Amino acid sequence: MKAIPLSYIARNLWVRRVTTLLTAGGMALVVFVFATVLMMSEGIRATLVATGQADNMLVLRKGAGAEINSGVSRGQAAIIESLPGIATDGNGQRLVSKEPVVLNNLPKRSNGKPSNVTLRGTSPLALALRPQVRLIEGRMFRPGTSEIVTGRSIANGFIGTGLGETLRFAQRDWIVVGVFDSGRTGFDSEIWGDAEQMMAAFRRSAYSTIVFRLADQGALPALLAAIDADPRLQIDAKPEIQFYAEQSEALATFIRYLGLFLSLIFSIGAIVGAMITMFAAVAQRIGEIGTLRALGFRRTAVLIAFLAESLLLSLVGGLIGLAAAASMQSVDISTTNFQTFSELAFQFKFTARIAVQTLAFALFMGFVGGFIPAWRAARMKIVDCLREA
Amino acid sequence: MSVTGDGGAGQTLIRIRNLSKAYVRGEQFIPVLQGLDLDVRRAEFVALMGPSGSGKSTLLNLVAGIDKPSGGSIIVGGVDIATLSEGALADWRAAHVGFIFQFYNLMPVLTAFENVELPLLLTTLSRRERKAHVAAALDMVRLTDRVDHYPNELSGGQQQRVAIARALVTDPTLIVADEPTGDLDRVTGGEVLDLLDDLHRQLGKTIVMVTHDPKAAGRAERMVHLEKGVLVPDPAPGAV
Ligand SMILES: Nc1ncnc2c1ncn2[C@@H]1O[C@H](COP(=O)(O)OP(=O)(O)OP(=O)(O)O)[C@@H](O)[C@H]1O
Ligand SMILES: [Mg+2]
C-alpha cells in the first residue's frame, strides 16, 4: 500500500506549530516526571550497588536483613576473624572490620529538621577494605579516641559535621577530624569513628556487621561451608555487592512504581490533549482527506498518516521532556532509605534504557491520543469529505 | 492507457445503465438518480448541466468511482466499477481518473510541484520519472515558473491550473471536473476551459464536466441535461 508522504505529515504539524508545541509541551511535562522518577530509582540503585566491593563479604546475624537489625557477638566475631580464606594486608593483618552501626538524629543545615544518619564504628582498616573512600579534608580518626570522620554529603548537609566542628551524641563530644569522599556511594551519607569507642559510648556489647576481604573467590565455598558447619555462627554471609543491591531494591522499586503510577495518571491529561489536537487537525482537513482518497490513497493510508502525525507530535514532546530530564543528572538529592531508616544521598542517573523507555512512553501517549481521531478520518466517506470541505 | 472500449459502436468509454442513487439520512430516504442511462464515447468532451440539486455532482461522483450506486451498472472501459471492492476502486481511480474540483482542493502544505506529484506516489514510477512527468504537466498548464510556490502564494486561476496538472499527470483516460470555473472570473475561467480543450483535443482525454455556465458548456462537444435525477432531451445535436 502506498503511503501519504511524510512531508505532508510533518509540515502540517509545523503549520500548526503553536498548537503542536503546546500539546507537545503537555506531553513533555509528563515525560519529564516519568523519566526523572526512573532516573531517581536508577540513581539509588547505582549508588548502593557501587557501595559494595567485589571481594568483600558482609556478615549479619541470621535473618537480620539490615545492619541496623543485626547483632554479632564478640565471640562470633572472633570465630569469623579466624575463618580460612580471608585476605591480609601488607603487614600480615587480616582484612576484617568489626563494625557497630547506629542511627543518630542530626539536624540538617538547610532547615534544622532532624534526620537519621548512619554512624559506623570501624578501624583504619576500613580504608583498605573500601578503597573507594578517600579523605578529602583533614585526616583519619585515631583509634581509641573520640575523633570521627564524616562523609561528604553529611558534612555538607548536617549541622556540626564539618571539619573541626564538634558533634554531641551518646553523652560525649566527638570532634570531626576529617571529611571523606566515597565516590558517590552510600558511605557519603555516613559518619565513621572508632568501633570500640562507639561500642562503649552506646553501651553496645555486639557488633552489627563484620566485613572482610576474600583472599580469592575460590576460597568462598570452603568458607561458607565452615560457617555452615559451626553451630555457634547463626549468621548470614553474603557478597557486599549483593547486600547493597538488596538494600536498594525496595526503595528503588517503590519510587519507580509510585512514579509510574503518577505518570500514568498525568498521561491521561496529555493523551486527552493530543486527542483534542488531533480531532481538530482532522476536522480542519476533511476536504484534504476526501481529495487524497479520491486520488486513490486508501483508508489505511489516511489512518497511518494521522496516526503518524500524532506519533510525531508525541515524539517532539518526548524529546523535550527527555532533554529536560537529562539536564537533571547534575542535581544531587537525598532521601531516607526506609530499608535502613537512614539518609541516602544520590544523583539522578540517566541511562540509554531510560531514554528508550521514556520515548516509548511518549509514543504510547501519541498512539492512544491519535488513534480515535485517525480512525475517524479514515472512516469518513469520500463524498461526505468533499461536501463538507 | 490500457483501458479499452467494449468494442461496441463508436468506441464507448462509459456505459451507464439503469443507474439509481438514493441517500439515506436517518429516517429520510432521498432518491437522487432514477433509472438513468448514458453513454460517453472515448475522447468525448461532455458537459453536464442542470438546476441545483438535480444530481449532477452525484452522477459525476458515481462515474469517477468515489461513490457507490444504489442500483444499475457503470461500465467504464469494460469494467463495471459498481462491482469493484473499495480497495480495487481506489486503485482504479488512481490509474484511470483525473479530478478537477471547483475549489481546486490542493494540499496547502505542499508546493505546486508536490501537489502535482501526489497522484504519482501511487504509481511505481521512480523519483526521476516522477520529476519528469510533473515538469511536463506543469509545462502543459504553463506554470513552470511557479513550481516551488505554495497554493496560498498562487491566484485562484493558477491554483486551478496546478489542479489540472495534477489531474493529467498520471495520463488518465477520464477527467472529471465539477464546476471547474465556478470560483473563477470570466477571463481566468476562460483560460481553464482552454486548457480542458487542449486536454481533450491534443491529448485525447475523455472529459465529463459539470457546469452551470452555458458559455462553459458551449466548449464541450455535447451537453447533457439532468433534471430531478433523470436526463432530459437536449436540443444540441449528438444528444443521448
Ligand atoms: N451525502 C448526501 N446525503 C444526503 N443527501 C445528499 C447527499 N449528497 C447529495 N444529496 C442530495 O442529492 C441531491 C443532488 O445533489 P447534487 O450535489 O448531486 O446536486 P447538484 O446537481 O450537483 O447541485 P449543485 O448544482 O448545487 O451542485 C440534492 O438534493 C442533495 O441534497
Ligand atoms: Mg454539484
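Of all residues in region A:2-19, those satisfying the criterion of being within 14 Å of chain B (Cβ to nearest Cβ) and either of a type in the set (D, E, K, R) or free of Cβ contacts under 8 Å to residues at least 12 places away in the same chain (or both) are A:K2, A:P5, A:S7, A:R11, A:W14, A:V15, A:R16, A:R17. Of the strands (runs of 3 or more DSSP E) lying entirely inside region B:129-229, those containing at least 3 residues that are modelled with pLDDT under 95 and either of a type in the set (A, V, I, L, M) or more than 19 Å from B:H96 (Cα to Cα) (or both) span B:222-227.
When you check B:E129 against the structure, is it within 14 Å of another protein chain (Cβ to nearest Cβ) and of a type in the set (D, E, K, R), yes or no? Criteria not met by B:E129. Once region B:58-83 is narrowed to residues that are crowded, with 20+ Cβ neighbours inside 10 Å and in a strand (DSSP E or B), the residue that is farthest from ligand 2 (Cβ to nearest atom) is B:V76. Number of residues in region A:142-177 that are out of contact with any Ser or Thr (no Cβ under 8 Å at 6 or more places or on another chain), farther than 28 Å from A:Q347 by Cα and assigned to a loop (DSSP other than H, G, I, E, B): the value is 6. In this structure, does B:G35 turn out to be at pLDDT below 95, more than 16 Å from ligand 2 (Cβ to nearest atom) and closer than 28 Å to B:H212 by Cβ? Yes: the conditions hold for B:G35.
Restricted to region B:38-57, and to residues there that are out of contact with any Gly (no Cβ under 6 Å at 6 or more places or on another chain), more than 12 Å from ligand 1 (Cβ to nearest atom) and in a strand (DSSP E or B), the residue that is farthest from B:E227 (Cα to Cα) is B:F45. Would it be correct to say that A:L22 is crowded, with 21+ Cβ neighbours inside 10 Å and more than 14 Å from chain B (Cβ to nearest Cβ)? It is false that A:L22 is crowded, with 21+ Cβ neighbours inside 10 Å and more than 14 Å from chain B (Cβ to nearest Cβ). Would you mind stating whether B:T170 is within 11 Å of another protein chain (Cβ to nearest Cβ) and crowded, with 21+ Cβ neighbours inside 10 Å? Answer is yes for this residue.
Identify all residues within region B:211-238 that are touching a Pro at 6+ places or on another chain (Cβ under 9 Å) and closer than 19 Å to B:R161 by Cβ; write none if there are none. Scanning region B:211-238 gives B:T211, B:A216. Of all the listed residues (A:V96, A:V49), the sole one being at negative phi, β-branched (V, I, T) and at pLDDT below 90 is A:V49. Residues considered: B:L84, B:L106, B:L89, B:L60. Of these, the only one that is within 15 Å of ligand 1 (Cβ to nearest atom) and of a type in the set (A, V, I, L, M) is B:L60. If we scan region A:335-352, do we find a residue that is surrounded by fewer than 22 Cβ atoms within 10 Å (Cβ to Cβ), at pLDDT 95 or above and not hydrophobic (A, V, I, L, M, F, W, C)? Within region A:335-352, none of the residues are surrounded by fewer than 22 Cβ atoms within 10 Å (Cβ to Cβ), at pLDDT 95 or above and not hydrophobic (A, V, I, L, M, F, W, C).
Contact map, region B:30-52: first residue more than 14 Å from chain A (Cβ to nearest Cβ) and within 11 Å of B:V224 (Cβ to Cβ), second residue within 13 Å of ligand 2 (Cβ to nearest atom) and of a type outside the set (V, I, T), Cβ cut-off under 6 Å, separation 6 or more or different chains; pairs are B:A47/B:M209; B:L48/B:K56; B:G50/B:K56; B:G50/B:L226. One residue stands out among those in region A:123-152 that are within 17 Å of A:A87 (Cβ to Cβ) and more than 26 Å from the chain's Cα centre (by Cα): the one that is surrounded by the fewest Cβ atoms within 10 Å (Cβ to Cβ), which is A:P124. There is no residue in region A:27-47 that is surrounded by fewer than 19 Cβ atoms within 10 Å (Cβ to Cβ) and hydroxyl-bearing (S, T, Y).
If you check A:V302, A:V368 for being over 30 Å from A:K113 (Cβ atoms), away from chain B (no Cβ under 14 Å) and out of contact with any strand residue (DSSP E or B) (no Cβ under 8 Å at 6 or more places or on another chain), only one passes: A:V368. Select from region B:198-218 the residues that are within 16 Å of ligand 1 (Cβ to nearest atom) and closer than 20 Å to B:T12 by Cα and write down the one among them that is nearest to the other protein chains (Cβ to nearest Cβ). My answer is B:V210. Checked across region B:182-190, the condition of being surrounded by 15 or more Cβ atoms within 10 Å (Cβ to Cβ), under 13 Å from the mean Cα position of the chain (by Cα) and more than 16 Å from ligand 1 (Cβ to nearest atom) holds for no residue.
The values are calculated or read from the model by the stated rules, or taken from the named source; none is laboratory data. Everything numeric in this text was worked out from a predicted model, so none of it was measured. A quick note on method: Cβ atoms are made from the backbone with ideal geometry, for glycine too, and the neighbour counts reach across all protein chains shown.
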